[in-house]
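What follows is a set of notes on a single structure, which appears directly below.
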Amino acid sequence: MTITLITGATRGIGLETARQLAGAGHTVYLGARDLKRGQEAAGKFGARAIQLDVTDEESVQAAAELVREEAGTLDVLINNAGISGPWKLAGEYTAADMEHVYATNVFGLVRVTHAFLPLLGSSSHPVIVNVSSTGGSLTRNTDPTSFEYKVPVLTYASSKSAVNMITVQYANAYPNMRINAVNPGLTATDFADIASPGTMPVDFGELGIQSVEEGALPIVRMATIGPDGPTAGFFEAAGPAPW
């Protein structure tokens, strides 16, 4: 039995990832800030909703204790919770804007990982998947022909660059774990308020946005790798993504 926890899993890619992994036989803990909403979502495919707000230390510690009491271990941690923040010109962002996005995307990821590392350490095959984005790819952000270059979002993009580095640092520190970052790709969810009509210098409608089922696939793939699978990597649907 594979015990899996997914943060930010009440909607979008997180929810679809939970559905696919539950269908593959995982015992899925579906992390939800709103427990009632989480229970409604989890009940559709036999997952277990758990109250978990990645920005709240007490909430995260309580979630870790609950998983310890019920399961005794954790095999897969998927750090999916994230926010986008609005699009502005780089010079218009404030420190408060940065703090708001980093509180979830960066500090929340570290808070959850730190709390669950002891449970992952008791697994025979521990895996961590950090949901990132090629919006944080320095390679693509410096390529004028890339989509990422045309969508400059200082807060979100830089937070995902931080997620990539955090992923590598954890992977180096825990060579017995498989720890990777994944770019789901541009997906049809209600996540990206940066993609609201008229707010971006590109037309998202012309980009061939993929379904939520497709967006979850690379996450599910990395969540189900074997002990000889890659670690300290950055992946997307087509394979390795550029840092």
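The set of residues from segment 67-109 being hydroxyl-bearing (Ser, Thr, Tyr), part of a helix (DSSP H, G or I) and more than 23 Å from residue 47 (Cβ to Cβ) comprises just one member, 102.
Counting only residues that are among the β-branched types (Val, Ile, Thr) and open to solvent by 60 Å² or more (accessible area, probe 1.4 Å), how many does segment 135-159 have?
3
Can you pull out every residue in segment 110-134 that is in a loop (DSSP other than H, G, I, E, B), polar (S, T, N, Q) and either touching a residue at least 60 places away in the same chain (Cβ under 8 Å) or surrounded by fewer than 23 Cβ atoms within 10 Å (Cβ to Cβ) (or both)? Quick ask: steps written out before the conclusion?
Of the residues in segment 110-134, the ones in a loop (DSSP other than H, G, I, E, B) are 122-126, 132-133.
Next, from what is left, pick out any that are polar (S, T, N, Q): 122-124, 132-133.
Result: 122, 123, 124, 132.
From 81, 64, which residue is in contact (Cβ under 8 Å) with a residue 40 or more places away in the chain and closer than 23 Å to residue 217 by Cβ?
Values: 64 fails: closer than 23 Å to residue 217 by Cβ.
After ruling out the rest, the residue left standing is 81.
Across segment 186-217, the qualifying residues are those that are outside any loop (DSSP other than H, G, I, E, B), at pLDDT 60 or above and open to solvent by 60 Å² or more (accessible area, probe 1.4 Å), and the one among them that is nearest to residue 234 (Cα to Cα) is 217.
Inclusion of residue 183 among residues that are open to solvent by 40 Å² or more (accessible area, probe 1.4 Å) and either farther than 26 Å from residue 212 by Cα or without any contact (Cβ under 8 Å) to a residue 60 or more places away in the chain (or both) is not warranted. Within segment 218-235, restricting attention to residues that are within 21 Å of residue 22 (Cβ to Cβ) and without any contact (Cβ under 8 Å) to a residue 40 or more places away in the chain, the residue that is surrounded by the fewest Cβ atoms within 10 Å (Cβ to Cβ) is 221.
The values are calculated or read from the model by the stated rules, or taken from the named source; none is laboratory data. These figures come from a predicted structure and were not determined experimentally. Every residue, glycine among them, receives a Cβ derived from its backbone with ideal geometry; neighbour counts consider all protein chains shown. Just so you know, the surface numbers come from the protein's heavy atoms only, side chains and all, with ligands and any DNA or RNA stripped out. Shrake-Rupley method; radii C 1.70, N 1.55, O 1.52, S 1.80 Å.
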